[in-house]
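The values are calculated or read from the model by the stated rules, or taken from the named source; none is laboratory data. The structure displayed is predicted, hence computed values, not measured ones. Cβ: placed from backbone, ideal geometry, glycine included. Neighbour counts: every protein chain shown. SASA here: full protein model, heavy atoms, side chains in, ligands and nucleic acids out. Shrake-Rupley method; radii C 1.70, N 1.55, O 1.52, S 1.80 Å.
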Amino acid sequence: MAIKIIAQRREVKLGKNPGKKFVMRPDLYVPIQEKKVFSEASTHSGISAGVIKAAWDAAGEVIRTWATEGHSIPLPGLGTMRFGVRSKAVADLEDVKTSLISVRRIIFTPNVDLKDELKNTSIQITCLDEDGNVLKRVTSSDSGDVEDDSDANPNGNGNDNGNGNDDSGDNGSIVDGVDEG
């Protein structure tokens, strides 16, 4: 399998250097119907699709309940997920209030096997002009590096810095899970 990407030349009006540029987007990413997921799982496991659906629904309820209680939930074969927030930092206790929270987040931390799967999946890029005509096709020859915020976290637990905030630093104004400005 391969991840399919379209790079289409478009007029980009924002940024430091506006002009015609190739903008990438996923190709053919459409949702798969739940029914198909249950059917495939049934085929692979020998368990009826109805039983799998009932278990899936029950697991979803448990995950939702535990996540809202503040737990990090294991997703077998995938990783873990939990709820978190981005917030501003304040110096004084009197200034702590919910309005400091800028966004609520669902944080997913993939396990090693899933990251390896992504690393080993090729990427195929189809380059198009403004009218959708194919200019060239490119297949990845990169090292397959996967973004991994857990390397920067001394706790070794994904993006979790212990306070429910994200410390990924993926936004220039975010430092240690809080917006300094």
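Can you find, within segment 88-110, the residue that is least open to solvent (accessible area, probe 1.4 Å) among those that are in contact (Cβ under 8 Å) with a residue 40 or more places away in the chain and within 19 Å of Val146 (Cα to Cα)? Before you say what the answer is, go through the steps one by one.
Pass one, segment 88-110, residues in contact (Cβ under 8 Å) with a residue 40 or more places away in the chain: 88-89, 102, 105, 107, 109.
Imposing the further condition that a residue be within 19 Å of Val146 (Cα to Cα) reduces the set to 107, 109.
Values: Ile107: 7, Thr109: 38 Å².
The extreme case among them is Ile107.
Number of residues in segment 55-87 that are farther than 25 Å from Asp113 by Cβ, in contact with a strand residue (DSSP E or B) (Cβ under 9 Å, 6 or more places away or on another chain) and open to solvent by less than 90 Å² (accessible area, probe 1.4 Å) equals 4.
Considering only segment 20-28, I want to know if a residue exists there that is within 30 Å of Arg137 (Cα to Cα) and more than 24 Å from the chain's Cα centre (by Cα). Yes, there is a match, as at least one residue in segment 20-28 is within 30 Å of Arg137 (Cα to Cα) and more than 24 Å from the chain's Cα centre (by Cα). When Asp113 is tested against (1) in contact (Cβ under 8 Å) with a residue 24 or more places away in the chain; (2) farther than 27 Å from Val146 by Cβ; (3) open to solvent by 60 Å² or more (accessible area, probe 1.4 Å), only condition (2) is not met. Evaluate the following for Asp131: is it surrounded by 10 or more Cβ atoms within 10 Å (Cβ to Cβ), acidic (Asp, Glu), over 30 Å from Lys88 (Cα atoms) and at pLDDT 80 or above? Considered against the rule, which asks whether it is surrounded by 10 or more Cβ atoms within 10 Å (Cβ to Cβ), acidic (Asp, Glu), over 30 Å from Lys88 (Cα atoms) and at pLDDT 80 or above, Asp131 comes out as no.
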